[in-house]
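Here is the structure we will look at, set down as structure tokens.
The values are calculated or read from the model by the stated rules, or taken from the named source; none is laboratory data. All values derive from a computational prediction rather than experimental measurement. Glycine also receives a Cβ, built like all others from the backbone with ideal geometry; neighbour counts cover every protein chain displayed. Keep in mind that these areas ignore ligands, DNA and RNA; they rest on the heavy atoms of the full protein, side chains included. Shrake-Rupley method; radii C 1.70, N 1.55, O 1.52, S 1.80 Å.
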Amino acid sequence: MKSAYSCKFSVTATTCLFLCVIVSLSMLCISLWLTSQGLTNYVETMKSQLKEEGQVGKYQPRSRKSYVETTQGRPLDWEQSPDHTQTDEGFSDSWHEVRKHRTRLLTRTKCLQRLFLVILVSSSADAYKSRMVIRHTWGVDNALHRKWKTVFLIGVTGNNMLLSDRISREAQIFGDIIQGDYSETFANKVFKIQSGFEWAAKYCSFEYLLKTDDDVFVNTRALVAFLSGDGAPKAAFYFGHLMHGSPVLRTGYYAVSKEDHPGDVFKDYLSGGGYVLSKDLVLNFTQMFDVVKPLKIDDAYIGILAAEVGVKPISTHSFVMYSNKESCVYDSNLFLVRPVTHQCMVELFDANQREILSQPKEGVEY
């Protein structure tokens, strides 16, 4: 009898232990399921809120003439201050969530402060001397509160590892190289411009953009002073040396096919040696790159984009193109001169600095 009673007690204890384990596992599963449901609901709620705030989801343009939407995203480098609002024009994606570039842009370097003018200099990987002359003359704003920043647009160097290493060192030392995934050919200059515009739109806060070349002298302070005055509109501003009635060439170096441009005359545009755009146009044009087919003649392409949004180029005599390269005479009324040699660029800059230092103190803008 004692032995039978002992066996019965053992079976009962094992059964209880088994049931306890089953109940514990069931409760754990239920707890995990409830937690996952809670997290799922939370994530969906946050997504809904972000969509309502314009932080998630791409903006679909309502018409060909309207490419920009105001959002609550902020440029990555925009610091909080009483002067800065919480909204800015640009891509409808959150500035913090942008992961892909819509052009061939490779660089993700950000501007470290809000700027008045961004200067994009079209350069090439082997034009090191030209970049150094610009860095030591008109390209750099040494003021404590900088108003402009100059960067150089460069393509890939292919299999030239020596040149690639030099570009990498330049980027590390000067922080002014904006690189795109395109080879350095004339036909690819339009991709250089597209990449530069997207970089400015995504990684900088600015009011105006100057696109120019590395064989140009820019009277930067005079240009900034002009743009800061009442004579320059803050929007729909496309300013430079007018190219009117330019024929579309079908043969030679500048040849454009009928397929790429059926018309025989380009729409009015501004010479690529130097033109100024207001910020709204840069943002608009960048979103139009997916709509308007690229054109081999990059400055004519910008003219086509301007025409698409109903903006007419503004011609100025203060941007001189095709000047005599042998002549090097400083003129304080000119904002930009092209082309110039390295030596002439230095001489023009020195003359500009002497003029600034000779002005009465109250007439100098630092």
Qualifying residue in the stretch 201-214 (condition: more than 16 Å from the chain's Cα centre (by Cα) and part of a loop (DSSP other than H, G, I, E, B)): yes
Those residues of the stretch 221-271 which are assigned to a helix (DSSP H, G or I) and over 24 Å from residue 141 (Cβ atoms), in sequence order: none
The one condition in (1) more than 22 Å from the chain's Cα centre (by Cα); (2) over 21 Å from residue 321 (Cβ atoms) that residue 234 fails to fulfil: (1)
Within the stretch 311-330, tally of residues that are open to solvent by 60 Å² or more (accessible area, probe 1.4 Å) and either within 24 Å of residue 277 (Cβ to Cβ) or not in a loop (DSSP other than H, G, I, E, B) (or both): 5
Unique match (being within 20 Å of residue 187 (Cβ to Cβ), open to solvent by 10 Å² or more (accessible area, probe 1.4 Å) and not hydroxyl-bearing (Ser, Thr, Tyr)) among 285, 335, 266: 266
The one condition in (1) under 17 Å from residue 305 (Cα atoms); (2) open to solvent by 10 Å² or more (accessible area, probe 1.4 Å) that residue 225 fails to fulfil: (1)
So residue 179, is it polar (S, T, N, Q), open to solvent by 30 Å² or more (accessible area, probe 1.4 Å) and not in a helix (DSSP H, G or I): yes
Among the residues listed as 215, 230, the single one being of a type outside the set (A, V, I, L, M, F, W, C) and in contact (Cβ under 8 Å) with a residue 24 or more places away in the chain: 215
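Every residue, every condition in (1) modelled with pLDDT of 95 or more; (2) in a loop (DSSP other than H, G, I, E, B); (3) under 24 Å from residue 272 (Cα atoms), yes or no:
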| position | (1), (2), (3) |
| --- | --- |
| 97 | no, yes, no |
| 103 | no, yes, yes |
| 112 | no, yes, no |
| 115 | yes, yes, yes |
| 138 | yes, yes, yes |
| 144 | no, yes, no |
All positions within the stretch 190-209 that are under 23 Å from residue 336 (Cα atoms) and in contact with a helix residue (DSSP H, G or I) (Cβ under 7 Å, 6 or more places away or on another chain): 190, 193, 197, 200, 206, 207, 208, 209
Cβ pairs under 8 Å, 6+ apart, first in the stretch 113-136 and without any contact (Cβ under 8 Å) to a residue 60 or more places away in the chain and under 24 Å from residue 347 (Cβ atoms), second assigned to a loop (DSSP other than H, G, I, E, B) and of a type outside the set (Ser, Thr, Tyr): 135/176
Residue check, residue 279 under 23 Å from residue 317 (Cβ atoms) and touching a residue at least 40 places away in the same chain (Cβ under 8 Å): no
Identity of the residue in the stretch 335-366, touching a helix residue (DSSP H, G or I) at 6+ places or on another chain (Cβ under 8 Å) and part of a helix (DSSP H, G or I), that ends up modelled with the lowest pLDDT: 356
Residue list for the stretch 146-175, filter: open to solvent by 10 Å² or more (accessible area, probe 1.4 Å) and in a loop (DSSP other than H, G, I, E, B): 146, 147, 156, 157, 158, 159, 160, 175
